[in-house]
Amino acid sequence: MHECFGRALFVALVIVVSGPMLRAQTSAGARPPSPSSEDAVARLERELADLRREYADRLAALETQIQELRAAAQAPVAPSPPVEPPPPPPPPTGAAATSSKVFNPDIAAIGDFIGAMGRPGGPEPSLEMHESELSFQAVVDPYARADFFLTFGPDTVGVEEAFITFPTLPGGLLMKVGKMRDAFGKVNGQHNHVLPFVDRPLVTQNLLGGEDGLADAGISVARLVPNPWMFLEATAQVYRGESTVFKAPARSDLAYLGHLRAYRDVSESSNIDVGGSFAYGHNGAEPDSTTRLFGVDATFRYRPLRRSIYTHVLLRGEAAWSQRSELPGTPTAFGAYAYLEYQFARRWFAGVRLDTADHSTDPSQKDKGGSFILTFWPSEFSQIRTQYRYTRYAEQPGANELLFQFLFAIGAHGAHAF
């Protein structure tokens with residue numbers, strides 16, 4: 001449209017300029033044109049008339065289009081038809097559904113199946129669904145967290161642990177209230193599925209209450225001790241005094257425990273962890289008889305950062321002493337174990353454990369043994385383990401046994417203490 005309009009203006013300008021010039025040349029006394037010149041002028045006038053008619057029509061058409069466009073621009077715009085809103089999105093699934101279960105705890109179930117062969121043997125039966133653990137864990141509010149661990153054995157159902165944790169108390173204190181495993185050493189505080197071997201060491205069985213260990217209803221308070229050298233944690237606990245080691249004939253016969261743990265990184269690939277423990281309580285043998293327990297533990301870990309999924313070395317040792325006041329002369333029973341674990345492939349672990357332990361009620365009786373353990377991890381949710389165990393129980397002949405274990409888990413199970 002703009003191009004046609006420009007051409008029309010150019011033609012009109014030619015007409016306006018050329019007409020007066022021709023008339024001026026004729027009236028100025030120029031010599032009369034020759035016949036050929038008159039023919040040329042006539043031809044040009046005819047062409048000019050044709051151009052005037054042609055471009056007059058085009059100018060009229062352009063003016064009509066301009067008027068129509070102006071009328072359309074000034075007319076009101078008709079409202080567009082309403083658009084239906086899109087359908088609501090489907091309900092969230094997977095990680096997006098986290099908010100929908102905000103009031104539901106993390107739930108997990110863990111199975112522990114074991115088998116044993118060999119004579120004479122220990123307490124394990126030939127085949128057994130040794131334990132099934134059901135856990136419920138969740139944050140109660142911004143100030144507390146709750147953990148429940150229920151166990152289902154072949155003949156019993158019980159509460160292994162059930163406690164609430166307050167991590168932000170004044171003074172930098174962390175408090176737990178409920179039923180829990182005592183913070184004595186390393187193995188006592190670990191559930192069965194966390195252990196790197198099928199059974200528990202002899203020192204745990206003879207001096208620290210066996211599989212149930214030191215576990216009771218009570219209150220635990222822990223605090224980090226600031227210092228520039230290491231991670232240092234002090235823990236004080238008071239319990240009702242009813243466990244496999246302690247007994248409370250009276251309500252006032254409480255049990256007490258203290259634990260001090262120190263941790264330090266040796267390098268970017270290794271660290272060391274040491275601890276000391278003390279426990280005191282009544283044992284029920286006599287009205288006022290008591291038991292004192294002392295323990296030390298040390299752990300060295302090596303896991304290179306670049307090969308952490310293929311290489312891992314753990315060296316751990318733990319020792320305990322038990323004194324029962326009702327025994328003549330209050331003798332001290334001693335027990336210890338040493339364990340070495342090496343990861344030689346991405347899913348394969350090999351370990352060696354040496355054991356020795358006196359009997360708590362008769363320190364003159366001593367059990368000794370050794371084990372070789374091989375573990376395969378198909379994934380983070382299952383383990384297959386076999387263990388060869390040789391044990392000499394006091395004066396009895398040595399027992400050669402082969403143990404095997406299947407561990408499997410479903411659900412979201414929180415991390416255990418490091």
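Every condition in (1) surrounded by fewer than 17 Cβ atoms within 10 Å (Cβ to Cβ); (2) over 26 Å from the mean Cα position of the chain (by Cα) is met by Ala417 except one, and the failing one is (2). For Ala279, the stated conditions do not hold, so it cannot be described as touching a residue at least 24 places away in the same chain (Cβ under 8 Å), crowded, with 17+ Cβ neighbours inside 10 Å, touching a Gly at 6+ places or on another chain (Cβ under 7 Å) and within 22 Å of Glu233 (Cα to Cα).
The set of residues in the stretch 315-327 being without any contact (Cβ under 8 Å) to a residue 40 or more places away in the chain, part of a strand (DSSP E or B) and among the aliphatic types (A, V, I, L, M) consists of Leu315 alone. Candidates in the stretch 328-354 are the residues that are hydrophobic (A, V, I, L, M, F, W, C) and not in a strand (DSSP E or B); of these, the one that is surrounded by the fewest Cβ atoms within 10 Å (Cβ to Cβ) is Phe344. Filtering the stretch 197-222 to residues that are in a loop (DSSP other than H, G, I, E, B) and touching a Leu at 6+ places or on another chain (Cβ under 8 Å) leaves Val198, Asp199, Leu208, Leu214.
Okay, residues lined up against (1) of a type in the set (Lys, Arg); (2) closer than 24 Å to Phe300 by Cα; (3) touching an Asp or Glu at 6+ places or on another chain (Cβ under 6 Å):
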| residue | (1), (2), (3) |
| --- | --- |
| Ala336 | no, yes, no |
| Tyr339 | no, yes, no |
| Arg346 | yes, yes, no |
| Ala357 | no, yes, yes |
| Trp377 | no, yes, no |
| Ser382 | no, no, no |
| Ala409 | no, no, no |
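A Cβ distance below 8 Å, combined with a sequence gap of six or more or placement on separate chains, defines the contacts here; from the stretch 172-189, residues that are over 18 Å from Ser277 (Cα atoms) and modelled with pLDDT of 95 or more reach residues that are basic (Lys, Arg) and part of a strand (DSSP E or B) in the pairs Leu173/Arg223; Leu174/Arg223. So for the stretch 169-177 (the condition being under 23 Å from the mean Cα position of the chain (by Cα) and surrounded by 19 or more Cβ atoms within 10 Å (Cβ to Cβ)), does at least one residue qualify? Yes, that holds for at least one residue.
The values are calculated or read from the model by the stated rules, or taken from the named source; none is laboratory data. Worth saying up front: this structure is predicted, and the values here are computed from it rather than measured. FYI the Cβ positions are ideal-geometry reconstructions off the backbone, even for glycines, and counts take in every protein chain you see.
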